[in-house]
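Data first, discussion second: the structure below is written as structure tokens.
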Amino acid sequence: MMGRHVLPGPLTVDSGVESSFQVTTPLMPHQSAAVEKMLPTRIGALFMEMGTGKSRTAIEIIHRRLPRIKNVLWFCPVSLKQTVRHEILKHTDCTDADIHVFGDKTNERTAPGCLWHIIGIESMSASARVVVTVNKLITEDSLVIVDESSYIKGHNATRTQRLTKLSERARYRLILTGTPISQGVVDLYAQMRFLSPKILGYRSFYSFAANHLEYSDKFPGMIVESHNLEFIAAKIKPYVYQVTKDECLDLPEKLYETRYFSMTGEQRYAYEEAKEEIMQDIENDTFDSVTIFRLFTALQQIVCGFWNQHRQGQPVEHHEFSHRRIDVLMDTVLSVPQTEKIIIWTKYQHDIEELGAALREKFGEDCTAPFHGALSEKKRAEQVERFRNGSRFFLATQSCGGHGLTLNEAHHVIYYNNAFKYSERQQSEDRCHRIGQEQKVVYIDIQCSDSIDDRIANALASKGSVVEQFKAEVDKVRSQKTKLKDMVKAL
């Protein structure tokens, strides 16, 4: 019976190597409930909030089904490939010989016949070599996982279509995410379609949209309302296990503090100059989402001590300003016991370079572990181990380090500045507020008064996007240029 715990037998793969594994860590009660919910069906979704152990649950499902499957293809964001590998090694007796992480040289001839294959989701649209290799590996006896399945929520995206089509031949399919509908019920269609078109019962996205989505007459593509949600909930219920941290874990509470500072005169002058440049876009009726994002980025950079100024038809000019943000950061670090590790989240690589230099001057050359998109996957993995095994400060951009990592070594987190979206803030907070954390976590924001920082903080407090919120305000008075200019001046 599929619901019974079956001990894994040997698994013969193309290479002739026998593969089997044992799990080495126990399940928590909510993870056991998830496994029992998933086993009666060949397809399913684990909508488990960050920190509740999605990976461990998926590994258990694989373990129970091992006699029936030939290989596991675990798709995840490229930045998380090493994290998935770490989770497999952590919770099983597998070795590196049992796991293949797709790299630059992986192709249909070099891919080994092992049980686990870890593939970057983004590579399914960027690399024909990866697509050809995956096409060879997926068979009827495969189990395909899409980890952080919000990465395939775009029904028209190349990676979504390729992953969905190639995975149709696999008997078992599983998706994992903590945020299945970050932008509304529209996000569910492609994720459920990956599992099976029979779940929702629609042959195309357009049929789904016709029954459930209402679009704006004024702004093409903007969804203004969703309908028949009870129907969707009933359709997906047999295939979904959903749980939040509050429902299943007794984690220590989060504590929040904010440290404020003000701009220097030089910063304020540049700040007003950046706003003045945008006025021309208002005059030319080109004040759109892209312009708003450019404006907010410029203002945020200036209050962080630099500005990559973009003037039309001219090369980018890089400006540096003296500023107080780094002084507040250093004072905050000094207020934390020296035995405590600290995570410092930033928006820009420039911040990491400036902070790293200041921290190393104060605390020694080995105190920092920088983590950002300009580093290779191997280098990023090395920086995580560097932090876990010695370095006191983990300096990371939220866009790169905010997903998938487990950093329970730290109980103090400093936000040097913030991303524009609440989802990125939420993801980064939970890097150290997850299973295994035994102490309260203190989150400290560094915020520039009377600046764009205030608007960003307010947007995050309301769990929104600062750009989208401001755009909604702009749309209400778009035809009134004087009001638009007043709104920009007030930032």
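Values in this text are rule-based calculations from the coordinates and carry no lab data. Since the model is a prediction, treat every value here as computed from it, not as a measurement. Note that each Cβ is placed from the backbone with ideal geometry, even for glycine, and that neighbours are counted across all protein chains shown.
List, in the order given, every pair from Lys37/Lys237; Lys54/Lys421; Lys90/Lys379; Lys275/Lys481 whose Cα-Cα distance in the structure shown is over 18 Å. Walk me through the intermediate numbers first.
Values: Lys37/Lys237 10 Å; Lys54/Lys421 23 Å; Lys90/Lys379 20 Å; Lys275/Lys481 14 Å.
In this structure, Lys54/Lys421; Lys90/Lys379 exceed 18 Å between Cα atoms.
In square nanometres, what is the average projected area of the Cα convex hull of the stretch 251-491?
On the way: hull surface 54.4 nm².
Mean shadow area of the hull around the Cα atoms is 13.6 nm².
For the chain, find the longest principal axis of its Cα atoms and tell me its angle to the long axis of helix 349-363, 0 to 90°, nearest 10.
It works out to around 80 degrees.
Between helix 54-65 and the chain, what is the angle of the helix's C-alpha long axis to the longest principal axis, kept within 0 to 90° and rounded to the nearest 10?
10 degrees
Could you sort the peptides 208-215, 420-427 by per-residue average Cβ neighbour count (10 Å cutoff), highest mean leading? Show your work: numbers first, answer last.
On the way: 208-215: 15.8, 420-427: 20.4.
The peptides rank, most packed first, as 420-427, 208-215.
Do you know the relative contact order of the stretch 11-248, to the nearest whole percent, from alpha carbon pairs under 8 angstrom that are 6+ apart?
Numbers: 397 pairs, mean separation 58.1, N = 238.
In percent, rounded to a whole number, it is 24.
Any chance you could give the angle, 0 to 90 degrees and rounded to 10, that helix 289-303 forms with the longest Cα principal axis of the chain?
Around 70 degrees separate the two axes.
State, as an integer percentage, the relative contact order of the stretch 156-261 based on alpha-carbon contacts under 8 Å between residues 6 or more apart.
Working: 60 pairs, mean separation 17.2, N = 106.
Here the relative contact order equals 16 percent.
In whole angstrom, how far apart do the alpha carbon centroids of the stretch 420-491 and the stretch 118-141 sit?
Cα centres, the stretch 420-491 to the stretch 118-141: 37 Å.
At a threshold of 8 angstrom on Cα-Cα distance, excluding pairs fewer than six apart, so keeping six or more, what relative contact order does the chain reach in percent? Walk me through the numbers on the way to the answer.
Values: 821 pairs, mean separation 68.5, N = 491.
Relative contact order comes out at 14 percent.
Give the residue from Gly201, Phe470, Gly44 lying farthest towards the positive end of the charge dipole for the chain; charges sit on Cβ (+1 for Lys and Arg, -1 for Asp and Glu) and the dipole is referred to the Cα centre.
Result: Gly201, furthest along the dipole toward the positive end.
Any idea how far the Cα center of the stretch 297-317 sits from the one of the stretch 227-253, in Å?
43 Å
Rounded, prolate or oblate: which one fits the stretch 366-461, using the alpha carbon gyration tensor with axes a ≥ b ≥ c (rounded when a/c is under 1.5, else prolate when a/b beats b/c, else oblate)? Provide the component values of the computation, followed by the final result.
Values: a/c = 1.87, a/b = 1.49, b/c = 1.25.
Prolate, since a/c reaches 1.5 and a/b exceeds b/c.
Take the Cα atoms of the chain, find their three principal axes, and give me the spread along each one in whole Å, biggest first.
71, 59, 45
Using just the helices of the chain, give the 222 nm mean residue ellipticity in deg cm²/dmol: DSSP H runs with n ≥ 4 each add -39,500 (n - 2.57), and the total is spread over all residues, rounded to 500.
On the way: 21 runs with 202 residues, N = 491.
Rounded to the nearest 500, it is -12000 deg cm²/dmol.
Rank the residues Val477, Val84, Val442, Val146 as a footprinting-exposure proxy: fewest other Cβ atoms within 10 Å of their Cβ go first. Mind dumping the intermediate values first?
Working: Val477 13, Val84 24, Val442 17, Val146 27.
Listing Val477, Val84, Val442, Val146 from fewest to most nearby Cβ atoms yields Val477, Val442, Val84, Val146.
Students often forget the sequence filter, so: which aspartates and glutamates lie under 15 Å Cα-Cα from Lys198 once same-chain residues fewer than 8 apart are removed?
Candidates past the 8-residue exclusion: Glu168.
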